[in-house]
Amino acid sequence: MTDLIGYTRTCGAFSGGVKAVYLANAANVTSFTNTAEVWTAVTMVSSKVFKKYEFEIDECELKFESTMENGTFKEKASIEMLMPELSKALTAAVQEMADESPCGMIAIVEMNNLVGSASEKYVIGYNNVVSKERPLRLESSAGTSGKGLTDVQGETVVLSCESPEKARTAVLTIPV
């Protein structure tokens, strides 16, 4: 058993939201290096990289929901993003997420900048306990054309996974 470490709130404004989402097939990620509970490097299968998935501005959210069940910690992480413009390209992007879901994906999510500091990154779908055995999968996708001329059109995609530990931040270069 370890001692509690506490938490000190810092003063200042904090920007919410997600800046970028990068996905890779779980099979293409060999490992992450963890230094002092922060991911500091990622190793990929030769010539494989993460791909950037774009979304409507201010329409992407990274959520965490933690529970204790039978004395065991569990965290569900989910990425919800509105990918605009119903199109052949969007259909293909969502279909590839669906096709890859049985084997899973790993994401690096870059948060919007905190005021006065660099943006945080989180690794989702990989952890210290079970590595990549609980990767991200497509949970749902809902598309709409909108009704009116100024309504949004596109698909809201939700990717999620469960982990036996909290998601960790990352200070690493994303291979793209």
**Fill in**
The residue that is nearest to P164 (Cα to Cα), considering only those in the stretch 93-146 that are assigned to a strand (DSSP E or B) and more than 16 Å from the chain's Cα centre (by Cα), is A142
**Prompt:** When the residues of the stretch 149-164 are filtered to those that are modelled with pLDDT of 95 or more and not polar (S, T, N, Q), which remaining residue is surrounded by the fewest Cβ atoms within 10 Å (Cβ to Cβ)?
**Reply:** E162
**Request:** Would you check if there is a residue in the stretch 159-166 being out of contact with any Cys (no Cβ under 8 Å at 6 or more places or on another chain) and small (G, A, S)?
**Result:** yes
**Complete:** Exactly one of G143, G104, G125 is farther than 30 Å from E37 by Cβ, among the small types (G, A, S), in contact (Cβ under 8 Å) with a residue 40 or more places away in the chain and surrounded by 13 or more Cβ atoms within 10 Å (Cβ to Cβ), and that one is G143
**Request:** Considering only residues that are surrounded by 10 or more Cβ atoms within 10 Å (Cβ to Cβ), in a loop (DSSP other than H, G, I, E, B) and at pLDDT 95 or above, look in the stretch 1-48 and name the one that is farthest from the chain's Cα centre (by Cα).
**Result:** V45
**Message:** Tell me whether the stretch 51-58 contains one or more residues that are aromatic (F, W, Y) and either part of a loop (DSSP other than H, G, I, E, B) or within 18 Å of the chain's Cα centre (by Cα) (or both).
**Reply:** yes
**Item:** Filter result for K63 (closer than 15 Å to Y122 by Cβ, surrounded by 10 or more Cβ atoms within 10 Å (Cβ to Cβ) and among the basic types (K, R))
**Value:** yes
**Message:** Any residue that is touching a helix residue (DSSP H, G or I) at 6+ places or on another chain (Cβ under 7 Å) and either at pLDDT 95 or above or part of a strand (DSSP E or B) (or both) - is there at least one of those in the stretch 66-82?
**Reply:** no
**Request:** Could you please tell me which pairs satisfy a Cβ distance under 7 Å, a separation of 6+ or placement on different chains, a first residue in the stretch 148-176 that is assigned to a loop (DSSP other than H, G, I, E, B) and of a type in the set (G, A, S), and a second residue that is surrounded by fewer than 16 Cβ atoms within 10 Å (Cβ to Cβ) and modelled with pLDDT of 95 or more?
**Result:** A167/F64
**Asked** In this structure, is L90 in a helix (DSSP H, G or I), surrounded by 12 or more Cβ atoms within 10 Å (Cβ to Cβ) and over 17 Å from the mean Cα position of the chain (by Cα)?
**Response** yes
**Message:** For the stretch 51-72, check the following and say yes or no: at least one residue is under 29 Å from G143 (Cβ atoms), of a type in the set (S, T, Y) and in contact (Cβ under 8 Å) with a residue 24 or more places away in the chain.
**Reply:** yes
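The values are calculated or read from the model by the stated rules, or taken from the named source; none is laboratory data. Here the structure is a predicted model, which is why all the values come from computation and not from measurement. Cβ atoms come from the backbone with ideal geometry, glycine included; neighbour counts cover every protein chain shown.
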